[in-house]
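The values are calculated or read from the model by the stated rules, or taken from the named source; none is laboratory data. Here the structure is a predicted model, which is why all the values come from computation and not from measurement. Here the Cβ is made from the backbone with ideal geometry for all residues, glycine too, and neighbour counts use every protein chain on show.
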Amino acid sequence: MSQQNTGQATPAANTLKLKVGGRFGAIDPNAIAKAEAALKSLSGNFAQWLQDEVVKLETARARVRADGVNAETMEQLYLRAHDLKGLGSTYEFPLITRIAASLCRLIDDKDKRLTAPMTLIDAHIDAIKASVRDSIKTDEHPVGRALILELERKVAEAGA
């Protein structure tokens, strides 16, 4: 017995393209240049803004020490590290982005966060502070390279 295929395929409408695809058009290179110029004009503030973020991270660590390791204190520490992960490169410190990313890996899981070794958390925070203090911006700097490689190795050993 042969079976006849009486089904018919109807392609789905591409409504996403209708909603956003043609509405915005190509990105204007002049707009990108203006945005880059605006960011460059703000670069004089980067050092202070970065220092402010480091103070927030240090405050979160102090709260962990004062109130103990619990879900709330570790969440705040994680959020501060996550902010630095996103802002380090913007503030011309890609090494801080990488160190903060390593710290985030260590304390990303809410359950494991409560048992993460504080000595390793402290090492990350101290490395971020040293990077700012000594203006070590990239992992091309020998101290920066040594710091990040050791921190990432220790995080991997910790199972994160």
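Assorted remarks:
- Against the numbered list (1) in a helix (DSSP H, G or I); (2) over 22 Å from the mean Cα position of the chain (by Cα); (3) of a type outside the set (Lys, Arg); (4) at pLDDT below 95, Pro11 comes up short only at (1).
- Extreme residue, farthest from Leu95 (Cα to Cα), among residues of the stretch 116-142 that are in contact (Cβ under 8 Å) with a residue 12 or more places away in the chain and β-branched (Val, Ile, Thr): Ile121
- In this structure, Arg65 does satisfy being exposed (fewer than 14 other Cβ atoms within 10 Å of the Cβ), in a helix (DSSP H, G or I) and modelled with pLDDT of 95 or more.
- Counted residues, the stretch 45-99 - those being within 15 Å of the chain's Cα centre (by Cα), of a type in the set (S, T, N, Q) and under 20 Å from Met118 (Cβ atoms): 1
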